[in-house]
Each structure stands twice: as structure tokens, then as C-alpha cells.
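The values are calculated or read from the model by the stated rules, or taken from the named source; none is laboratory data. Computed from a predicted structure; not experimentally measured. Every residue, glycine as well, gets a Cβ built from its backbone with ideal geometry; the counts of neighbours run over all protein chains shown. These area figures cover heavy atoms from the full protein model, side chains too; ligands, DNA and RNA do not enter into them. Shrake-Rupley method; radii C 1.70, N 1.55, O 1.52, S 1.80 Å.
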Amino acid sequence: MLKTDKLEYNIEKIRGDFPILHRQVHNKPFVYFDNAATTHKPLEVIERMDRVYRETNSNIHRGVHYLSDVTTREFESARETVRGFINARNDHEIIFTSGTTAGINLAAFSFGERYVGENDEIVVSALEHHANIVPWQMLCERKRAKLRVIPMDDHGELDIEEYKEMLNDRTRLVAVTHVANSIGTVNPVKKITGIAHEHGIPVLIDGAQAVQHGSVDVQDLDADMYVFSGHKMYGPTGIGVFYGKENILEEIPPYQTGGEMVDQVTFEKTTFNQLPLKFEAGTPNYTGAIGLAAAIDYLVETGLDKIAAHEKDLLDYAAGRFAQIDGLKVFGAAREKISVISFVLEDIHPYDAGMVIDKFGIAVRTGTHCAQPVMDRFGIRGTIRASMAMYNTREEVDRLCEAIGKVKEMFG
Ligand code: PMP
């Protein structure tokens, strides 16, 4: 029996809610351990989006007709759902984007335009996904500013003492990931934010791998900006959230311009719409936003604490089983970790291993996980990554271990 059964975590019911989990791959029952790349969708999300297209679809905000009004209200209600989910103070601090990458680019352009100049510094960490490196690197090139990197130790934990030393009166922003997608480290983002704020420096947190694994409270974290993607939290693709504190959103210029985000337009001058519309140029992905709200409802109904306990059980179980496999080396031993295990098999290329594991109907990810600097730090070319979600089971971990055994037989 799963430890989490005691917490009334009904894994069979949960698995029943995700149709894709019941298909076969290569004539074997499908096992999905690539949840850090994207998660599957429960019926609640699929059906809510289906209903929009079947019953209510109309462009929002601008129509006086009935369905436009219905869809606008659903879209704005989705914004309120997101607000509650991350405990933002105001609805208008929630900006819908197409995902985490779009949110970070928004910040790099809008915040960067307003606040970053020559010789200024932006601080990121050694654990970042490329999405939280490249936009800042490009900003630094445009503005002749400097990118600085908080180093990490061999366990995959950031060096906070070094970080403290790094901040100075030229530091304009700290941009760090809440949870590292490559090796699962949970960063002490509240502490990181507190330290930055002692110097009056704002902080952007990349929450792409955090919001699906536990409760996030942006006011408690005192995050100035917080970004995440719908598709990694059981919601649809093409929708994400950029949260910004009201005072920052008021100060920074819009990133994209066009319809919806304007107030008055003449050929001489344009004035901008109020928040949040100032940052939502063009027709937004309203169906995606409504689907995202359904995913949030699903997460909240299931209980983020219960999900976290279940995933912790899976992580501990998998770590225990992996420790018994000769030649298997795990990267990332942070004290706080989510249910991601990145590993290599001695003398076997991760790609070869991934291909064989796939033949057993098991999806894992291989490569650098869009975090090349993390791989460089460990002196490796890539890993095999098993990332576990609320619907995975110990039996699936056992199947992965069996498949790893076969990989070793084949290449050993
Ligand atoms: N940051 C992190 C930590 C991620 O894991 C990812 C996705 N792997 C991203 C950013 C980018 O997210 P998206 O592709 O949804 O924009």
C-alpha cells in the first residue's frame, strides 16, 4: 500500500481522470515519466475547453453580443482563479501569456527597457533553464549590461553566501528558478528574495516547475514577478501566467503592442489600456485561460499537499531502487527536491538508454534538458531524466527499473 493512501490519496481515481494514461505504447501499458517537459490533461480540462468551442466561443472584451459576454466573463473568472491560486493581491496583476518563456521575455524587454542600462547587472543562477538565461543575456548585449551567475555546489544547491556578495548598487534584477527542471533542486526563493530586497533589488521567479508540486503564495514569497506555464501543471499548451506587482506593471512599458492593449489611437499618438490589458495585445488565448482555470480547480480539488506527499513518496521509493542499480549515478542531491531524478548509466549514452526504455512503453527524457550550463557544471553531456507527477505509481518505478536492467544487459 502506498504511504499516501493513508492521506486518502485516491490514485486509481486520479489515474482514471487522465485518458491518455490508459493507452498502449509499443504494445505495452504506457508509463509517462516526462512530466517536467509537459504533463497530461485530466478530463476536466479537456471537457471544459471542448465546451468553449462547442457552446460559447466568441472573441472577448469587444463584443456586445451574448456569447462574447459569456466568454469574456469566463476568461476574467479564469484570471481570478489564477489570482487565488498564487494568492496575488489583485486580478490585474495576472497577465496571461503563452507560457513561461513568453513571461520571461516580457520581463526582459519591458523591465529591461525601463530599468537596465550600461554597466548594470542582472543576476541569474547556475540552475536556470535556458528560458531564464538567454532573454537576460540578450538584454545585457542590447544594454551593455552584465550577466552574473550564482554558483552551485556538487549537490546542486546554490551558494547563498556567494550570492550575497554578488549584489551591489548596479544590480537591477535577480532572476532565479523556483525549482530546477534538470535535477529537481528547490531553491530557497523566499530567502533569495529577502536578501535582494534588503538592497532594494526586485526578483523574478521562474515557477515553471514549482506550481504543480506545492502551494505557491507570491505575497508570502514577496516575489516581484512570478512566471509559469499551463501545460506543465495539467493545463493546456499555449497559455501561461506572468504575475507582476502592481507598481512594477504600472511602471514598465508594454512588450507587445496592437489591439486590446490600447486606450486611444491616433496616427500621432497612442495611449495604453489599463492593467492587465496593457500587457495582453491581440486576441488572448481565452480558451487556454479557461482550460488553465480547470487545471487549477483540479489541482486544488485533489489537494496540493496530498500531491506533494504522494510525489515525495515516489521520489524516495525511486531513489531507493536506483541506489541498488550498479553503475547508475544520480545528479542532484539537494536537501529540498521535487520528484525529478536525473541520472546516467556508466558507459551508456543517455540517448541509447532512452531509446531502449521507450521500447518498453516508458517515456523518459534524455539530453541536457534545456539546461546546458547545469550539465557543464557536472562535466557531463546529458542525463536520463525521470520526472514524476501526481498520477505516477511505485509499480511504474519498478517497470522503469526493469527496463534499466535490460538497457544494461544490451549495452553492458
Ligand atoms: N523554466 C523552467 C524551469 C522550465 O522547466 C521550462 C520548461 N521546461 C521553462 C522555463 C520554459 O517553459 P515553456 O517551454 O513552457 O515556456
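Values for this structure:
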| quantity | calculated |
| --- | --- |
| For the chain: rounded, prolate or oblate by the Cα gyration tensor [a/c cutoff 1.5] | oblate |
| Gained length - residue 401 relative to residue 169, 0.36 nm times residue gap less alpha-carbon distance | 78.4 nm |
| Gaussian network model of the chain, Cα within-10 Å springs - most flexible of 288, 112, 320 | 320 |
| Loop-resident sites, the range 51-142, for trypsin sites (Lys or Arg not before Pro), counting at most 13 other Cβ within 10 Å (DSSP) | 62, 89 |
| Solvent-accessible heavy-atom area per residue, rounded to whole Å², over the range 225-359 at 1.4 Å | 43 |
| For the range 403-412, 3J(HN,Hα) per residue [Karplus equation, 6.51 cos²θ - 1.76 cosθ + 1.60, θ = phi - 60°, Hz, x = Gly/Pro] | 5, 5, x, 5, 4, 5, 4, 5, 9, x |
| Length released on extending from residue 44 to residue 130, taking residue separation times 0.36 nm less the Cα-Cα span | 27.8 nm |
| Long-range amide H partners of residue 32 with built H, under 5 Å | 363 |
| Relative contact order, percent, the chain [alpha-carbon distance under 8 Å, six or more residues apart] | 23 |
| Surface accessible to a 1.4 Å probe, residue 64 within the full protein complex, Å² | 150 |
| The range 20-72: chymotrypsin sites (Phe, Trp or Tyr not before Pro) falling in loop per DSSP and having at most 12 other Cβ within 10 Å | none |
| Listed peptides 42-48, 350-356 by packing density, highest first (mean Cβ within 10 Å) | 42-48, 350-356 |
| Cα-centred dipole magnitude for the range 46-300, charges only on beta-carbon of K, R (+1) and D, E (-1), debye, nearest 20 | 540 |
| Residue-by-residue Karplus 3J(HN,Hα) for the range 142-157, coefficients 6.51, -1.76, 1.60, Hz, glycine and proline x | 4, 9, 6, 9, 10, 9, 10, 10, 6, x, 10, 8, 5, 7, x, 10 |
| Computed E for residue 154/residue 411 - FRET, C-beta separation, R0 25 angstrom, nearest 0.05 | 0.40 |
| Entries of 13/232; 190/245; 312/408; 232/312; 191/245; 329/406 with Cα pairs more than 23 Å apart | 312/408 |
| Acute angle (nearest 10 degrees) that the helix 286-302 long axis makes with the longest principal axis of the chain, alpha-carbon atoms | 50 |
| Integer Hz, Karplus 6.51/-1.76/1.60 couplings in order for the range 81-86, x for Gly and Pro | 4, 5, 4, x, 4, 9 |
| Leading residue at positive end of dipole, the chain (Cβ point charges), from 184, 201, 214 | 184 |
| Loop trypsin sites (Lys or Arg not before Pro), the range 231-331, which have at most 16 other Cβ atoms in a 10 Å radius of their Cβ (DSSP) | 269 |
| Helix 350-359 axis, angle to the chain major axis (alpha carbon atoms, nearest 10°) | 80 |
| Spin-label model distance (nm) - residue 13 vs residue 330, 7 Å beyond Cα toward Cβ | 3.0 |
| Inter-probe distance in nm under a simple model that places probes 7 Å from Cα toward Cβ, at residue 297 and residue 264 | 4.1 |
| Mean-position separation - Cα centroids, the range 163-206 and the range 350-391, in angstrom | 27 |
| Between helix 304-323 and the chain: long-axis angle, C-alpha atoms, 0 to 90°, nearest 10 | 40 |
| Cα gyration tensor, the range 313-394 - rounded (a/c under 1.5), prolate or oblate | rounded |
| Residue 162/residue 355 FRET efficiency (R0 51 Å; Cβ-Cβ; nearest 0.05) | 0.85 |
| Inter-probe distance in nm under a simple model that places probes 7 Å from Cα toward Cβ, at residue 22 and residue 190 | 4.1 |
